[in-house]
Ligand SMILES: NC(=O)c1ccc[n+]([C@@H]2O[C@H](COP(=O)([O-])OP(=O)(O)OC[C@H]3O[C@@H](n4cnc5c(N)ncnc54)[C@H](OP(=O)(O)O)[C@@H]3O)[C@@H](O)[C@H]2O)c1
């Protein structure tokens, strides 16, 4: 259940706890009505614009920021990718790029309270304070229990004027995925945010006919280039041993934007069928980044197979199994969570995908449909049609169609 307006609830809780009223604050009351209306309109616009990045930032919230100099907007920035710059920092970068040392501003307008703790990036409040900006206008408090007004208190404590214009950038409207993510129920599962990604033919099959795309490629080069970018924006890529045996993939990142920390590559393999000769285990080429390989297997793994894989650099980890002998996805997710994996790209074949979907462990969907009529193997068409999806977007990418959605 998503609370109707958790930013307001966070404000109320802070008031009850005896903190300065961060929701409307003395400063907000002191604003001239016309100026407050302008800020509210700008916050609404930033919040709407930020939503175009929702799939790339999830489970993070969509956030937009603008810098004003004597009421004139001089820069605008957005949180555009998970693990990437936050909106305030992006707006500062845009200003510096466009105006260099001549860039001036007196007001920061941002749809969500600046963060105050180290995550993938350093705390934004430090960067904001370092600019010397006088006024910070915020569209709502961060309902994440780790923040909830802490950023506001730090900024006010440093003598800055902070105005919180509650309700002008509703998270419930623009970032329902984030509210679901930080809910107690979701957090207590200890399961990384899962993006199920696959390419299918028009018949919903995941393998093309043998005489098409070398029997392997369904989507166009443009789609495959986009997948490289997605890979660079997750902590781990997860697959099944069926895919390793059939395709012998690298699951690495190639392309113009190579991540500093490439995603771990995780194979679910109950009985260590992963061959020691798998390309996954070869060293990376100069133009690619490849993360460490973890093979998750059942208890009592064959010691000689284990040694063979470990000699090639793989980390073999034993986890629990389900009653049917397949690896327990609950155990796999908990293992990933314990290893600080927070967002994964599930790039598996139909067997593992079907199971992950059936157990309602998919948070986000990314399906590329190529211009190929028929294919080989089971079809996921029915599964996709019956899935509960929300915030669905369909777009064209060359000859392919891309479906993006969150689980409903
Ligand atoms: N179009 C695409 O996007 C795409 C992507 C990947 C693969 N593929 C295609 O998919 C085909 C391979 O399909 P696949 O279904 O065999 O591959 P898969 O789903 O990647 O791997 C399935 C294997 O994973 C292991 N596994 C471990 N725990 C599991 C669990 N809880 N649930 C289900 N499986 C579990 C099982 O082997 P053990 O029992 O031995 O552990 C199972 O046979 C290939 O033709 C490949 O080209 C297509």
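Structural remarks
- Cα long-axis angle, helix 6-16 against the chain (0 to 90 degrees, to the nearest 10): 50
- Across region 312-408, the convex hull enclosing all Cα atoms gives 166 Å³ per residue.
- Looking at the chain alone, DSSP beta bridges between its own residues are antiparallel in about 45 percent of cases.
- Principal axis dimensions, the chain - Cα atoms, whole angstrom, descending: 70, 44, 43
- Multiplying the residue separation of residue 260 and residue 134 by 0.36 nm and removing their Cα-Cα distance gives an extension gain of 41.9 nm.
- Its alpha carbons give region 139-271 an Rg and a Dmax of 21.3, 68 Å.
- Convex hull volume per residue in cubic angstrom - Cα atoms of region 189-407: 125
- Placing dummy labels 7 Å off each Cα toward the beta-carbon, the span from residue 202 to residue 101 is 6.1 nm.
- Here the calculated FRET efficiency for residue 185 and residue 271, from their Cβ-Cβ distance with R0 = 30 Å, stands at 0.30, rounded to the nearest 0.05.
- Rounded D (µm²/s) - region 157-202, Kirkwood Rh over Cα pairs, Stokes-Einstein at 4 °C, 1.567 mPa s: 89
- Rel. contact order, % - alpha carbon contacts under 8 angstrom, at least six apart, region 6-181: 27
- With Cα atoms, 0 to 90° folded angle of helix 329-338 axis to the chain main axis: 50
- With the simple spin-label model, which puts each label point 7 Å out from Cα in the Cβ direction, the residue 383 to residue 210 separation comes to 2.4 nm.
- Spread of Cα-to-Cα distances over 10 Å intervals beginning at zero, given as percent, for region 41-94: 29, 53, 16, 2
- Taking a point 7 Å from the Cα of residue 337 along the Cα-to-Cβ direction, the residues of region 223-245 with backbone N closer than 20 Å to it are 234-239.
- Spin-label model distance (nm) - residue 34 vs residue 126, 7 Å beyond Cα toward Cβ: 4.1
- Computed over the chain, relative contact order equals 16 percent, with contacts defined as Cα pairs under 8 Å that lie 6+ residues apart.
- Of the peptides 104-113, 331-340, the order by per-residue mean of other Cβ atoms within 10 Å, starting with the highest, comes out as 104-113, 331-340.
- Whole-Å distance, taken between Cα centres, linking region 273-289 and region 339-390: 25
- Sum of -39500 (n - 2.57) over DSSP H runs of 4+, divided by residues of the chain (222 nm, nearest 500): -9000 deg cm²/dmol
- Based on the reciprocal of the average 1/r between different C-alpha atoms, the Kirkwood radius for region 6-181 equals 15.8 Å.
The numbers here are math on the coordinates, done by the rules we state, and not lab data. Worth saying up front: this structure is predicted, and the values here are computed from it rather than measured. For neighbour counting, all protein chains shown are included, and Cβ atoms are generated from backbone atoms with ideal geometry for every residue, glycine included.
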